[in-house]
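What follows is a set of notes on a single structure, which appears directly below.
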Amino acid sequence: MKRDALLRSPLPMLVVLALAWWLVVPALKIEARYLPPLGAVIADARSVWPDLLAGFWRTLLETVIGFFIGAALGIAAGIGFAQWRWLERGVFPIFVALQSVPVIAFGAIVVIWFGNTLASKVVIALYLAFFPIAVNTLRGLQEADPQRMALMRSFGASSRQMFLKLSLPTALPTIMIGLKIGLSLALAGAIVGEWFGDTVGLGVMLLQALYFEQVPRLWVLILTCGGLGTLLYGGAGLIERRFIWWRAE
Amino acid sequence: MVAGGVTWRDRLAVVIGLATLFIVWQAATMLFAVPDYILPRPLDIAWAIVERREQIWRALLFTLAETGAGFAIGALIGIGLAVCLVLIPPCEAVVMPLAVAINAVPSVAFVPLALIWFGLGMGSKIAMAVLAIAFIVLLNALSGLKKPEQGHIDLMRSFGAGRFGILWRLRLPAAMPSIVTGLRVGLGRSTIAVIVAEMLGAYDGIGQIVYQSTAQVDYLSVWAAVLTAMLGSLALYGCLVAIDRKLIWWR
């Protein structure tokens, strides 16, 4: 149990991975083209520090704005589906299908619609976040036990009360899963959205590093993106543990 | 919805939903004379698909081949790793931190690296598809393989079953539903990963059509390619659901 806890805590894990990287690369004489030595990556990170920081904030901002708007719309859509059965029948399967669709390919079109601004990346991020959140909201709302619903109704609860006291609390863990998926998709959307033309952002720097084949820079950016992702998921996990202590399982 | 069986009324509702979408889209774009670069009309897109069918068909096959290869390899890696971890538990201490660290990075961030490592050909796209699916299958397979209760395992052991016997007769059947869930989610992700990788550099494929058509300001082709990819990935998904129903009839 103790070993498991140690395994899951991120800090020792990071130290071990860094040590392994530091030791293994010179020992196995791995080419820098594949995996540069850790020292080179750190040196590169220090040389582009201001750009990296600016890119980090920019991508974070795009992700967070896109995620929150996408989450609000997604939850609203999910509630709408749960309310109106005909809407669910006709539109929901299309939603499920759209989830597996490479919407990122529309990036160029979104940039035309919203201009080459922050807004276009936000829109891509929110579009990607929207579907899993809407789908999970509906699934969660459908989980409420019909017997309990009947019981509440027999005590004269209004549909508003039933929604707030029963359906929503039952649905929250499932909605949370959707929110987490949406968050990771929003981050991916923000990064890819920047590929369609911008000057600041982690996605932009990734593209530049690719064109100039700067492998250490790519690793700096991969690590930064990983850090950003971990920060976001960590935040989401914190909120989940604080506010949704009851769980479906 | 999937498990309960689809009735004809559900199908009708979807058809009506799609038809409404189509008609509203067509009518609105005609009524407000929306230019093609903002939103082309669905009939024009359909015509564009017919017109460019050879190019799009070839690209679609290319993309699907990459996705399929990556999907198969990634699924095997994910399931294989999970089985190894269950058979040799100490390995988990080495493999899991690495897997979690790789998964913390949004997979699109690996696309440039994949292109540098594996070149512009199919290799880099297959690698991205593998990356997109292997982890989710690993996680799902692992939790599924660990699902059988200790009591059942002990019972089988008392009848003389070895590690492999328990794995084959108890753990794998128990893990199938969650493995299939992992495969489903992973399929969508690997399709997207392949197309994104193709957009940054490839010799052929849907992503490359999107990239080139964007550069040539030919947005009708972008829509045609994306809609075709959508149908392609839906077809793949449908195959998976069909296989799922055949394989896991005991669920």
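Each reported figure results from applying straightforward, stated rules to the coordinates on display, with no laboratory input. Note that the structure is predicted; figures quoted are calculated from it, not measured. Please note: Cβ atoms are built from the backbone with ideal geometry, for glycine as well, and neighbour counts cover all protein chains shown.
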Problem set entry | FRET efficiency for A:MET149 and B:ALA33, using Cβ-Cβ distance with R0 set to 45 Å, rounded to 0.05 | 0.35
For this session: Net charge near B:VAL185: determine it from the other residues with C-beta under 15 Å of the C-beta of B:VAL185, scoring Lys and Arg +1 and Asp and Glu -1.
Result: +3
For this session: Using a Förster distance of 25 angstrom, determine the FRET efficiency expected from the C-beta separation of B:ALA215 and A:TRP113, and round it to 0.05.
Result: 0.90
Exercise. Of B:SER124, B:VAL196, B:CYS91, which is farthest along the charge dipole of chain B in the positive direction, counting Lys and Arg as +1 and Asp and Glu as -1 at C-beta?
Worked result: B:CYS91
Problem set entry | Placed amide H near A:ASP198: partners under 5 Å, 5+ positions off or other chain | none
Problem set entry | Length-normalised contact order of chain B in % [C-alpha pairs under 8 Å, at least 6 apart] | 26 percent
For this session: Within region B:93-125, which residues have the backbone N less than 20 Å from the label spot 7 Å out from A:GLU213 along Cα→beta-carbon, could you tell me?
Result: B:110-125
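Rank these for me by crowding, A:VAL24, A:VAL135, going from fewest to most other beta carbons within 10 Å.
Least crowded to most crowded, the residues run A:VAL24, A:VAL135.
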For this session: Return a whole-number percent for the relative contact order of region A:36-243, with Cα pairs under 8 Å and 6 or more residues apart as the contact set.
Result: 31 percent
Problem set entry | Total charge dipole magnitude, the protein assembly as shown, about the Cα centre, Cβ charges on Lys, Arg, Asp, Glu only, Debye to nearest 20 | 1680 debye
Seminar exercise, completed: Ranked output for segments B:110-119, B:19-28 by mean other Cβ atoms within 10 Å, highest leading, reads B:110-119, B:19-28
For this session: Enter the mean number of other protein chain beta carbons within 10 Å of the beta carbon of each residue in B:111-120, as an integer.
Result: 5
Problem set entry | Packing rank of B:152-162, B:91-101, where each peptide gets the mean count of other beta carbons within 10 Å, highest leading | B:91-101, B:152-162
Exercise. Which ³J(HN,Hα) values, rounded to whole Hz and listed in residue order, are derived for region A:191-200 from phi using the Karplus coefficients 6.51, -1.76 and 1.60 in 6.51 cos²θ - 1.76 cosθ + 1.60 with θ = phi - 60°, glycine and proline given as x?
Worked result: 5, 5, x, 6, 5, 7, x, 5, 10, 10
Problem set entry | Environment charge of B:GLN26, counting only residues whose C-beta is closer than 15 Å and scoring Lys/Arg +1, Asp/Glu -1 | -1
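Taking every residue in B:190-197, how many Cβ atoms of other protein chains lie within 10 Å of its Cβ, on average?
Counting Cβ atoms of other protein chains within 10 Å of each residue's Cβ and averaging gives 4.
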For this session: Mind checking A:86-92 for the average number of partner chain beta-carbons within 10 Å of each residue's beta-carbon?
Result: 6
Exercise. Across region A:53-67, in residue order, what do the Karplus-derived ³J(HN,Hα) couplings come to in whole Hz, using 6.51 cos²θ - 1.76 cosθ + 1.60 with θ = phi - 60° and x for Gly and Pro?
Worked result: 5, 4, x, 4, 5, 4, 5, 4, 4, 4, 5, 5, 4, x, 5
Problem set entry | Radius 13 Å from Cβ of A:ALA40, net charge of other residues (Lys, Arg +1; Asp, Glu -1) | +1
Seminar exercise, completed: Note, region B:198-205: 3J(HN,Hα) by Karplus (6.51, -1.76, 1.60, θ = phi - 60°), whole Hz, Gly/Pro = x, goes 5, 5, 7, x, 6, 8, 7, x
For this session: Return the calculated 222 nm mean residue ellipticity for chain A, to the nearest 500 deg cm²/dmol, obtained by summing -39500 (n - 2.57) across DSSP H runs with n ≥ 4 and dividing by the residue count.
Result: -26000 deg cm²/dmol
For this session: Determine the distance separating the Cα centre of region B:151-213 from the Cα centre of region A:112-186; give it in Å without decimals.
Result: 27 Å
Problem set entry | Cα centre as origin, Lys/Arg/Asp/Glu Cβ charges: region B:96-179 dipole, Debye | 180 debye
Seminar exercise, completed: Here FRET efficiency (C-beta to C-beta, A:ALA54 to A:TYR233, R₀ 22 Å, nearest 0.05) is 0.45
Seminar exercise, completed: Burial-style ranking of B:163-173, A:197-207, average other-beta-carbon count within 10 Å with highest first, yields A:197-207, B:163-173
